[in-house]
Amino acid sequence: MNEAVTKQYTMLRDKQIIVGVTGGIAAYKVAELVRILAKKGANVHVVMTKNAMEFVTPLTFQTLSGNPVTHEMFELLAGSKIGHIALSDLADQLVIAPATANIIGKIAGGIADDFLSTMVMATRVPVLFVPAMNTKMWESGIVQGNIDRLRENGYEFIEPDTGDLACGWEGKGRMPSLEEIIEKMEDIFTVKDLVGERIMVTAGPTQEFIDPVRCMTNRSSGKMGYALVKIAHRRGAEVILVTGRTDLPRPSGVEVVEVVTANEMRNAVMERQAKCTVIIKAAAVADFRSKALRYHKLKKKPGEEEVVLELDRNPDILQELGRVIEDRILVGFAAETENLIQNAQDKLKRKNLDLVVANDVTKQGIGFGSDDNEVTIISAHGRAKHVPKLSKEEVAHVILDAVKRVIKKKRKYKDDWY
Ligand code: CTP
């Protein structure tokens, strides 16, 4: 079960990836890219141009990929198949990193005079270019024109980063981070099955101030909510993230609303809920806040051994949403330390949810702060699906699949009213 679920959601596992390396200084970084891709379960084949071999040796890539490296135009693979055709037939995706102005120009101009350019011409699978070059080359009208031409023909690109360049210049032209490249490669493989949905996700802890320097909060890292945001966006949904304070990098391509307290989160959510088709409340909201609003630091008094803090109840945002949700989809989380299923089911009924995602926060290696999670998803019809320990991104896929099933059921019922 674990293996099957992982296979389904780990986009790069068992994929045949061809990495084309051209002659730029960033070629050394691609060695690490190949290592990561292989670690993620992809079968990586590296194709190098002559110039690339001036920067890194084929042996490096062969060792990291576990496959022979191709660089000769007229190299024959096993049997009598022509190398570039055989390799491009077997590929699921081709990534060219770093992509120099030269390879971009060659492909745009229809030139196929070495193994890599011939293979790009012969393939029908997605081709991702990761340009890296000097700023002035990147900005030149000829390079930009070639990129436009390739984009129009369905080739994918990642924009270079801005910063210090190996040639001594500063500006746009650096190869983007390996995370960004992998994210884009996974994105290319992802089915956009949530297009048309507007999904709001709340994530992270809230903080309640006791005085200007102290606060009450909890151990939520926000990772589960952020994983949901990333995967929902990747699957084509329009996403709004309402986030408490976390150290996580803010996701790009989504609306991000920063909040601190439960009241701020409540207001941010209620203002935006009407325009959402799905709301997922992954945030760990503080149930109480200090009764007193203190503008100065609480001082110790001589001889005082005990202090009593008076607390007020915070609004239960999920419960409030349950009253206005109507035929849209509402998903809650239940962090439990005992009677997991029973407590989660009670929450689902009490708060009028479509789904509740329950996790046992006492279990080691999952939940708070961890990169993995193990949950049980319970539906309003009483169905329960146990999701074994997986990465939070994989769990996010399973949750969104469950959301999709609820959407389908609810809309079908709505359409079939007659
Ligand atoms: N939640 C909320 N507003 C609150 C408290 C919780 O919206 N003031 C939401 C959380 O985002 C989560 C769900 O309610 O989706 C469950 O949170 P949890 O802390 O597990 O449960 P509580 O509702 O606080 O219930 P209990 O104290 O009984 O565990």
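Go ahead and set up a Gaussian network model of the chain, Cα springs under 10 Å, then flag whichever of L298, L248, L90 fluctuates most. Judging by the Gaussian network model, the answer is L298. Just checking the listed ones, S391, S140, S177: in the Gaussian network model of the chain with Cα springs under 10 Å, the one fluctuating most is S140. Listed by chain and number, the lysines whose alpha-carbon sits under 20 Å from that of K281, ignoring those within fewer than 8 places in the same chain, are K223, K230, K347, K349, K351, K385, K392, K404, K410. Among beta bridges identified by DSSP and lying wholly in segment 303-402, the antiparallel ones come to about 60 percent.
The charge dipole of segment 14-189, taken about its Cα centre with unit charges on the Cβ atoms of Lys, Arg (+1), Asp and Glu (-1) only, comes to about 240 debye.
Residues E271, E180, ordered by accessible area of protein heavy atoms at a 1.4 angstrom probe radius and largest first, appear as E271, E180.
Summary of the geometry: segment 262-283 and segment 225-254, compared by the centres of their Cα atoms, lie 14 Å apart. Contact order for the chain, expressed relative to its length and based on alpha carbon pairs under 8 Å spaced 6+ residues apart, stands at 11 percent.
Give the residue list of trypsin sites (Lys or Arg not before Pro) in segment 100-196 that are DSSP loop and have at most 12 other beta-carbon atoms within 10 angstrom. Can you show the working numbers first?
Working: sites: K106, R124, K136, R149, R151, K172, R174, K184, K192; in loops: R124, K192.
Hits after loop and neighbour filter: R124, K192.
What residues from segment 269-304 fall in the zone where the backbone N is under 19 Å from a label point 7 Å along the Cα-to-C-beta line of V324? Within reach of a label on V324, which here means backbone N under 19 Å from a point 7 Å along Cα→Cβ, segment 269-304 contributes 269-283, 285. The simple spin-label model puts a point 7 Å past each Cα toward its Cβ; for A380 and L90 those points are separated by 5.1 nm. The figure for D193 is an accessible area of roughly 50 square angstrom, using a 1.4 Å probe on the protein chains alone. Per residue, the chain exposes an accessible area of 51 Å² to a 1.4 Å probe, with every protein chain left in place. Accessible area of E393 (1.4 Å probe, protein heavy atoms only, ligands and nucleic acids ignored): about 60 Å².
From its DSSP helices (H runs of at least four residues, each -39,500 (n - 2.57)), the chain gives a residue-normalised ellipticity at 222 nm of -10500 deg cm²/dmol. Considering only beta bridges that DSSP places wholly inside the chain, some 30 percent are antiparallel. Straight-line reach from K363: taking Cα to Cα under 13 Å and skipping same-chain neighbours fewer than 8 places apart, the aspartates and glutamates in range are E336, E338, D372, E374. Taking segment 14-189, how many lysine pairs are there with alpha carbons less than 26 Å apart, if each pair must be eight or more places apart or span two chains? Total qualifying Lys-Lys pairs in segment 14-189 comes to 25. A simple spin-label model places the labels of N343 and L311 1.5 nm from each other, with each point 7 Å out along Cα-to-Cβ. The convex hull defined by the C-alpha atoms of segment 14-189 has an orientation-averaged projected area of 9.3 nm².
Of all beta bridges that DSSP places with both ends in segment 14-189, some 25 percent have antiparallel geometry. Charges were assigned to the Cβ only: +1 to each Lys and Arg, -1 to each Asp and Glu. The resulting dipole of the chain about its Cα centre is roughly 1120 debye. Out of every Cα-Cα pair that the chain contains, those further apart than 28 angstrom amount to 57 percent.
Distance between the C-alpha centres of segment 341-379 and segment 89-108: 44 Å, rounded to the whole angstrom. Available extension along the chain between E139 and V260 is 39.4 nm, counting 0.36 nm per residue and deducting the alpha carbon span. Which one, V95, T206, V229, projects farthest toward the positive side of the charge dipole computed for the chain from Cβ point charges (K/R +1, D/E -1)? Going by the charge dipole, the pick is T206. Please give me, ordered by residue number, the trypsin sites (Lys or Arg not before Pro) of segment 319-382 that lie in loop per DSSP and have at most 15 other Cβ atoms within 10 Å. Answer by residue number: K363.
By a 1.4 Å probe calculation restricted to protein chains, T162 has an accessible surface near 100 Å², given to the nearest 10. Can you give me the C-alpha center-to-center distance between segment 302-331 and segment 180-206, rounded to a whole angstrom? One Cα centre to the other: 29 Å. When the chain is treated as a GNM, springs tying every alpha-carbon pair under 10 Å, which of H71, H233, H296 comes out with the largest mean-square fluctuation? Its mean-square fluctuation being the largest, the pick is H296.
The values are calculated or read from the model by the stated rules, or taken from the named source; none is laboratory data. Because the structure is predicted, anything quoted here is derived from the model rather than measured. Heads up, the Cβs are rebuilt from the backbone with ideal geometry, glycines too, and the neighbour counts pull from every protein chain shown. Each accessible area value is taken on the protein alone, full model and side chains, heavy atoms only, with ligands, DNA and RNA left out. Shrake-Rupley method; radii C 1.70, N 1.55, O 1.52, S 1.80 Å.
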